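Written out below as structure tokens is the structure these notes cover.
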Amino acid sequence: MSINNYIKDLLNIKDKNIVIDTENIIVKKIKYIDTKFIYGKSTYNPKGCPCCGHVNESFNIIKYGSKTCKIKLPSISNIPTILFLKKQRFLCKECGSTFSAKTDIVSEFSNISNDVKRKIAIDLTKISSFKSIAESNDVSPNTIFRVFKEWNKSFKQDFSYLPPILSIDEFKPDEFGEIYNKIKTAISTAIKHLEKIKNTLNTNYNNGKIEGINNKIKVIKRVSYGYRSFDNFRLRVFLCFYHKKIYGLSPKT
Ligand SMILES: [Zn+2]
């Protein structure tokens, strides 16, 4: 295996078109923090033009300079790592459009590698604030929020069949007079079924699991000092409870 392939293997770069400059891996300071700089290039012969669909034959798609992209990779030994990837640009002589070499290590219009996004998604399943996740991944809280929102489609559920009020927990009588009446009804119902409730207490069945879930949801809310948007709060709860879905998976598109 060549040094290039060894380094790519360590960096988990599977794109065969990327070649790493093995003699130019350096450490520089960015805002007083040591940062690893890795340089590489990506080039290949495209099969066709993505704009007009013309097949690449008889030199109708030619190389047309290059563009360097700054891609954030996962930290190496806790040192933030950036890949400066020189992407080949191509010119289609048929339609006159230009396009860049594609790579699967990063999404289009993004400078955060998919591996970093996966790490952020895993961190989002743990109970910690966006700010602390941002700090541990050396990215801004806005980046965390963008990755977080990418999971929205994965947890789309239809709640239209549910009643407007799910529970009477946490309502105060002076705020909701109607709810107060419902509580009174609930109490009279409890007295009516007292014998059955006693039986429930005498058996092994309990609602510990649901109370545990309820408590965890409250902790999720507390570590982030509350959520302004209910949709975001719901998505975070799903991410924390369905974390097995996330390991090794990317958001559904
Ligand atoms: Zn074209």
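For the chain, DSSP calls about 75 percent of its internal beta bridges antiparallel. Full extension of the chain segment joining residue 22 with residue 225 gains 68.5 nm, where the gain is 0.36 nm per residue of separation less the Cα-Cα distance. Here each label is just a point 7 Å from Cα along the line to Cβ, and for residue 192 and residue 207 those points are 1.8 nm apart.
Listed cross-link partners 119/216; 126/156; 29/221 are compared with a 30 Å cut-off, the Cα-Cα value being larger for 29/221. Between residue 161 and residue 5, the contour length at 0.36 nm per residue exceeds the alpha carbon distance by 50.8 nm. Return the loop-located chymotrypsin sites (Phe, Trp or Tyr not before Pro) in segment 84-164 (DSSP other than H, G, I, E, B) with at most 11 other Cβ atoms within 10 Å of their own Cβ; answer none if there are none. For chymotrypsin sites (Phe, Trp or Tyr not before Pro) across segment 84-164 that sit outside H, G, I, E and B with at most 11 neighbouring Cβ atoms in 10 Å, the list reads 109, 159, 161.
Here the Kirkwood formula, the inverse mean of 1/r across different C-alpha pairs, assigns the chain a hydrodynamic radius of 23.0 Å. Evaluated with a Cβ-only charge set (Lys, Arg +1; Asp, Glu -1), the chain carries a dipole of roughly 180 debye about its Cα centre, given to the nearest 20.
Relative to the Cα centre, the charge distribution of segment 3-111, modelled as +1 at Lys and Arg Cβ and -1 at Asp and Glu Cβ, gives a dipole magnitude of about 300 debye. The lysines whose alpha-carbon is closer than 21 Å to the alpha-carbon of residue 93, local same-chain residues fewer than 8 away aside, are 47, 63, 67, 102.
The tail of the calculated P(r) for segment 1-113 beyond 23 Å holds 36 percent of all Cα-Cα pairs. Cross-linked pairs 8/86; 16/70; 72/218: Cα-Cα separations exceed 27 Å for 72/218. Only helical runs count toward this figure. For the chain, summing -39,500 (n - 2.57) over DSSP H runs of n ≥ 4 and dividing by all residues gives -11000 deg cm²/dmol at 222 nm. The length gained on full extension between residue 146 and residue 183, counted as 0.36 nm times the residue separation minus their Cα-Cα distance, comes to 9.2 nm. Only one residue of 43, 185, 132 has its Cα farthest out toward the positive end of the dipole of the chain, where Lys and Arg carry +1 and Asp and Glu -1 on Cβ, and that residue is 43.
Separation of segment 1-80 and segment 96-141, taken as the distance between their Cα centroids, equals 16 angstrom.
We did not get these values from a lab; they are worked out from the coordinates using the rules stated. All of these numbers come straight from a predicted model, not from anything done at the bench. Methodologically, a virtual Cβ is constructed for each residue, glycine included, from the backbone with ideal geometry; neighbour enumeration extends over all protein chains shown.
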